[in-house]
Amino acid sequence: MNSAVKNDVFLFDADAHILEPPDLWENYLEAEFQHRAIKFEKNAQGIDQLYVDNEIVLPNCAAALGGAEIDRLKAFDPTSTLSYLDGAPAGSMFGPERIEHFNRWGLSAGLVLPTIGIFWDVPDNNLANAYCRAYNNWVYDFQAADRERLVIAAHLNLRDIDEAVKELELRLKQGFKGVFLAPERVDGKAFADGYFDPLWARIEEAGVPLLTHVVVRTRRLVTGFVGDWYDTPANRTFTFALGATSQVMPACMAMVMDGLFDKFPKLKLVAIEAGCGWAAYAMDRLDEKYKHFSTFDKPLKLEKPSDYFRRNLWFVAEPEERTIGSMLELVGEDRILWGSDFPHIDADLDAPQHITQSVSHLPEHLQRAVLGENARKLFNL
């Protein structure tokens, strides 16, 4: 198979997003919460500002929430009047347009994740639950354009585990294929804390994966392991290069070492937007240190931490990553997917061509695995 995608290849984009329509919460939020709806309003200078619960969480640069097809300098200019809608390419907000996007790119199917949903974080459980219901109801309607090709994930409020389980049940009945997971502790609780067990147990039973993806919190700083290095002068490149990895990598490693997958051995976790090359590094690093310090920690049921990476984790590669072949060998032939990040500002708009070229040197069965067969099995498509 050469670098051109064959017609019989199942091609699946495992990291793409919607841009929530500005009127989503006006249309889908229950009446009692309408006065606290997420919304955009222009300031006196004509700049879009994002409000969550009547507080500004994004004072400018709204176009950069999408931005795949606009000038990046203008999108990140805090004085620019480019609007949120200016940054939304076709396919961002309407299901039929996303299917047209799939057709242009030659995609068989694809996962869609939230955008504004990775920004908001409210302490009021009633409001957070309402936001989740509104998004899940809307994305279910979005998916109506093609329920076979559009793969959607439930957004749950993990601060209210009983409501999260209840919401999950509804969404499983509707055919949601995964659960969005912010890679951060919840009120100080790690994911192996028994508080979460009812949710993980139901997700494991359902066989759908957890989808952990970088988040942006404006009420508090979430810097992962990079800390105050975010102050580097090369802020944009540095932030986009390490921002996701600095959250996703330690979250995955902690879930392994805290024994989450001993309690739930069939639980599936997908690491998204962090690339795949770090997986082997993390596996080797944990294995080596475990030899020295396992007597200090709660013992794992499997022999080595890396065994959990091969059993419970999947990784979404960047389309031009050079380590994909090595990761297939070291992590597992069924563990690597790819994603474009469309329609975000760092999206690869030639992703299908780039990923096809990146795997073109591999045996055909491995090419097909990365391009879509691994995703087909993971999401039970």
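The values are calculated or read from the model by the stated rules, or taken from the named source; none is laboratory data. What you are looking at is a predicted structure, and each value in this text was computed from that prediction instead of being measured. No Cβ is skipped: glycine too gets one built from the backbone with ideal geometry, and neighbour counts run over all protein chains shown.
Answer yes if at least one residue in the range 240-256 is of a type in the set (A, V, I, L, M), within 30 Å of Val359 (Cβ to Cβ) and without any contact (Cβ under 8 Å) to a residue 12 or more places away in the chain, and no otherwise. Talk me through it step by step, then tell me what you get.
In the first step, residues of the range 240-256 are kept if they are of a type in the set (A, V, I, L, M); the result is 241-242, 244, 248-249, 251, 253-256.
Those still in the list that are within 30 Å of Val359 (Cβ to Cβ) too: 241-242, 244, 248-249, 251, 253, 255-256.
Those still in the list that are without any contact (Cβ under 8 Å) to a residue 12 or more places away in the chain too: 241.
The answer is yes; a qualifying residue exists.
I need the full set of residues from the range 92-120 which are closer than 19 Å to Leu371 by Cα and among the aromatic types (Phe, Trp, Tyr), in order please.
Phe102, Trp105
Can you tell me which condition Leu300 does not meet? The list is (1) buried (at least 17 other Cβ atoms within 10 Å of the Cβ); (2) in a loop (DSSP other than H, G, I, E, B); (3) within 22 Å of the chain's Cα centre (by Cα), and all the others hold.
Of (1) buried (at least 17 other Cβ atoms within 10 Å of the Cβ); (2) in a loop (DSSP other than H, G, I, E, B); (3) within 22 Å of the chain's Cα centre (by Cα), only one is false for Leu300: (3).
Taking Leu168 as the residue in question, decide whether it is surrounded by fewer than 23 Cβ atoms within 10 Å (Cβ to Cβ), within 18 Å of the chain's Cα centre (by Cα) and among the aliphatic types (A, V, I, L, M).
Answer is yes for this residue.
Tell me, please, whether a residue that is among the β-branched types (Val, Ile, Thr) and surrounded by fewer than 22 Cβ atoms within 10 Å (Cβ to Cβ) can be found in the range 144-163. Working first, answer last.
If we filter the range 144-163 for residues that are among the β-branched types (Val, Ile, Thr), which is where we start, we get 151-152, 161.
Then drop every residue that is not surrounded by fewer than 22 Cβ atoms within 10 Å (Cβ to Cβ), which leaves 161.
Yes, the range 144-163 contains a residue that is among the β-branched types (Val, Ile, Thr) and surrounded by fewer than 22 Cβ atoms within 10 Å (Cβ to Cβ).
So, in the range 118-139, exactly how many residues are in a helix (DSSP H, G or I), modelled with pLDDT of 95 or more and either touching a Gly at 6+ places or on another chain (Cβ under 9 Å) or not polar (S, T, N, Q) (or both)?
Keep residues of the range 118-139 that are in a helix (DSSP H, G or I), which gives 118, 125-139.
In the following step, the residues that additionally are modelled with pLDDT of 95 or more were identified as 125-139.
Among the residues that remain, those that are also either touching a Gly at 6+ places or on another chain (Cβ under 9 Å) or not polar (S, T, N, Q) (or both) are: 127-128, 130-135, 138-139.
Qualifying residue count, the range 118-139: 10.
Taking the conditions exactly as written (at pLDDT 95 or above and either closer than 21 Å to Asp346 by Cβ or hydroxyl-bearing (Ser, Thr, Tyr) (or both)), does Asp23 satisfy them or not? Spell out the reasoning first.
Values: at pLDDT 95 or above: yes; either closer than 21 Å to Asp346 by Cβ or hydroxyl-bearing (Ser, Thr, Tyr) (or both): no.
Answer is no for this residue.
Looking only at residues that are among the small types (Gly, Ala, Ser) and assigned to a loop (DSSP other than H, G, I, E, B) in the range 259-275, which one is surrounded by the fewest Cβ atoms within 10 Å (Cβ to Cβ)? Explain how you work it out, then say what you get.
Kept after step one, since they are among the small types (Gly, Ala, Ser), are these residues of the range 259-275: 259, 271, 274-275.
Okay, now just the ones that are also assigned to a loop (DSSP other than H, G, I, E, B), so 259, 274-275.
On the way: Gly259: 16, Ala274: 28, Gly275: 22.
If we take residues in the range 259-275 being among the small types (Gly, Ala, Ser) and assigned to a loop (DSSP other than H, G, I, E, B), then Gly259 is surrounded by the fewest Cβ atoms within 10 Å (Cβ to Cβ).
Run Asp77 past the list (1) surrounded by fewer than 21 Cβ atoms within 10 Å (Cβ to Cβ); (2) free of Cβ contacts under 8 Å to residues at least 24 places away in the same chain; (3) out of contact with any Cys (no Cβ under 9 Å at 6 or more places or on another chain); (4) not aliphatic (A, V, I, L, M) and report the number of the one that doesn't hold.
Every listed condition holds for Asp77 apart from (3).
In the list Leu286, Leu349, Leu302, which residue meets the criterion of being hydrophobic (A, V, I, L, M, F, W, C) and under 30 Å from Thr115 (Cβ atoms)?
Values: Leu286 fails: under 30 Å from Thr115 (Cβ atoms); Leu302 fails: under 30 Å from Thr115 (Cβ atoms).
Going through Leu286, Leu349, Leu302 in turn, the sole match is Leu349.
Pick from the range 362-381 the residues that are polar (S, T, N, Q) and closer than 14 Å to Ala317 by Cα: which of them is surrounded by the fewest Cβ atoms within 10 Å (Cβ to Cβ)? Reasoning before the result, please.
As a first pass, look at the range 362-381 and keep what is polar (S, T, N, Q): 367, 374, 380.
From what is left, the residues that are closer than 14 Å to Ala317 by Cα are 367, 374.
On the way: Gln367: 23, Asn374: 25.
Ranking the qualifying residues of the range 362-381, first place goes to Gln367.
Name the residues in the range 176-202 that are of a type in the set (A, V, I, L, M, F, W, C) and either closer than 12 Å to Ala251 by Cβ or without any contact (Cβ under 8 Å) to a residue 12 or more places away in the chain (or both), would you?
Of everything in the range 176-202, those that are of a type in the set (A, V, I, L, M, F, W, C) and either closer than 12 Å to Ala251 by Cβ or without any contact (Cβ under 8 Å) to a residue 12 or more places away in the chain (or both) turn out to be Leu181, Ala182, Val186, Ala190, Phe191, Ala192.
Those residues that are more than 18 Å from the chain's Cα centre (by Cα) and farther than 18 Å from Ser108 by Cβ, I need them from the range 322-348; list them, please. Walk me through it before giving the result.
Restricting attention to the range 322-348, the residues satisfying the condition of being more than 18 Å from the chain's Cα centre (by Cα) are 322-334.
Listed by number, the residues that qualify are Arg322, Thr323, Ile324, Gly325, Ser326, Met327, Leu328, Glu329, Leu330, Val331, Gly332, Glu333.
Test of understanding: among Glu169, Glu184, Glu148, which residue is within 21 Å of Phe12 (Cα to Cα), out of contact with any Gly (no Cβ under 7 Å at 6 or more places or on another chain) and among the charged types (D, E, K, R)? Spell out the reasoning first.
On the way: Glu169 fails: within 21 Å of Phe12 (Cα to Cα); Glu184 fails: within 21 Å of Phe12 (Cα to Cα).
It is Glu148.
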